[in-house]
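Colleague: Here it is, the structure, as structure tokens.
None of the figures in this text is laboratory data; all of them are computed from the coordinates on show. No experiment lies behind these values; they were computed from the predicted model shown. No Cβ is skipped: glycine too gets one built from the backbone with ideal geometry, and neighbour counts run over all protein chains shown.
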Amino acid sequence: MRILVYGSTYLTQLCCEHIERETDHILVGYVPNQNRPTVAGKMRLQPIPQEAVLSTKHNVGLSIQYDARIRNERYAFNVHTGLLPEWGGQDILYHTLKQNIGEQGATFHVVTEQFDAGPIVSRISYPVLYDDTVITLYQRLAVILPAFVVSSLHLVEMIGLDRVDQCASFVPTLYRRGMVDKDDLPEYAATRKELRRRYER
């Protein structure tokens, strides 16, 4: 497959590097996030401006922590850093800890008009321990996400691009940016700063 990547975070970078090492897929470039991500990646791919997407030769779009709606893609997939359908939207790691949930994960699904509601190709989970923080959960994601994305792309090939819409889909619960409790805002800001310090080198 010729894949156009959407996103420019550290997790995007890790997944792209793994795709290039472990598959024959061609990554034709990436569309950068519109806003500064919590942790920016050092993308080695060619940046593609939004206005050049239609003229970029590819057959699949792949969103990894991209911060805008994807349009005009016949086949597009999203790597969501939460277990769908229960954990759609944003700030999933924060909400997981806030609600004392013992498991979280990632979901690879088809992009549709409704956020995080497309047919689910695959999911992977990891444990959430009593003393975890957003930073330790992020580290867990960084370990499992690259291989998960590669295995999900293999599944897409097995199923067939023309049949992935037959995978099960559900109406997601969506957490939106800004749903952080007021009392948690200082720690939330400090965590974002610490993530940038650790990974943006």
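Colleague: How high is the FRET efficiency from ASN100 to ARG74, r the C-beta distance, R0 35 Å, rounded to 0.05?
Modeller: Approximately 0.25, to the nearest 0.05.
Colleague: Further, regarding this structure: Leaving out same-chain residues fewer than 8 places away, which lysines sit with a Cα under 26 Å from that of LYS182?
Modeller: Within the straight-line cut-off, LYS182 pairs with LYS98, LYS193.
Colleague: Work from the charge dipole of the stretch 2-199 (Cβ charges, +1 for Lys and Arg, -1 for Asp and Glu, about the Cα centre) and give the residue of PRO186, PHE108, GLN139 farthest towards its positive end.
Modeller: The one lying farthest along the dipole's positive direction is PRO186.
Colleague: Assuming 0.36 nm per residue, please report the length gained on full extension of the stretch LEU155 to THR23 beyond their Cα-Cα distance.
Modeller: 46.3 nm
Colleague: While we're here: Take the alpha carbon gyration tensor of the stretch 138-181, find the square roots of its eigenvalues, order them as a ≥ b ≥ c, and report rounded if a/c is under 1.5; if not, report prolate when a/b exceeds b/c, else oblate.
Modeller: oblate
Colleague: How large is the helix-only mean residue ellipticity at 222 nm for the chain, computed as the sum of -39500 (n - 2.57) over DSSP H runs with n ≥ 4, divided by its residue count, in deg cm²/dmol to the nearest 500?
Modeller: One gets -10000 deg cm²/dmol as the mean residue ellipticity at 222 nm.
Colleague: What do you get for trypsin sites (Lys or Arg not before Pro) in the stretch 134-185 restricted to DSSP loop and a cutoff of at most 10 other Cβ within 10 Å of the site's Cβ?
Modeller: ARG176, ARG177
Colleague: Let me ask you something else. How far is it, in nm, from the label point at GLU200 to the one at TYR126 when both lie 7 Å from their Cα along the line to the Cβ?
Modeller: Inter-label distance under the simple model: 2.1 nm.
Colleague: Taking amide H positions as placed 1.01 Å from N in the peptide plane, with prolines and chain starts having none, which residues 5 or more places from TYR175, or on another chain, fall under 5 Å of its amide H?
Modeller: GLY88, GLY89, GLN90
Colleague: Hey, another quick one. Please list, in chain and number order, the residues 5+ apart from GLY41 or on another chain whose amide H is under 5 Å from its amide H, with Hs placed from the backbone.
Modeller: THR9, TYR10
Colleague: Follow-up question, since we're still on this one. For the residue pair ALA142 and PHE115, what label-to-label distance in nm results when each label sits 7 Å from Cα along the Cα-to-beta-carbon direction?
Modeller: According to this spin-label approximation, the distance is 2.5 nm.
Colleague: Suppose each label sits 7 Å from its Cα in the direction of the beta carbon; what would the ARG163-ARG177 distance come out to in nanometres?
Modeller: Result: 3.9 nm between the two label points.
Colleague: Can you tell me the Rg and Dmax of the chain, counting just the alpha carbons, in angstroms?
Modeller: Computed over the Cα atoms of the chain, radius of gyration and Dmax are 16.3, 49 Å.
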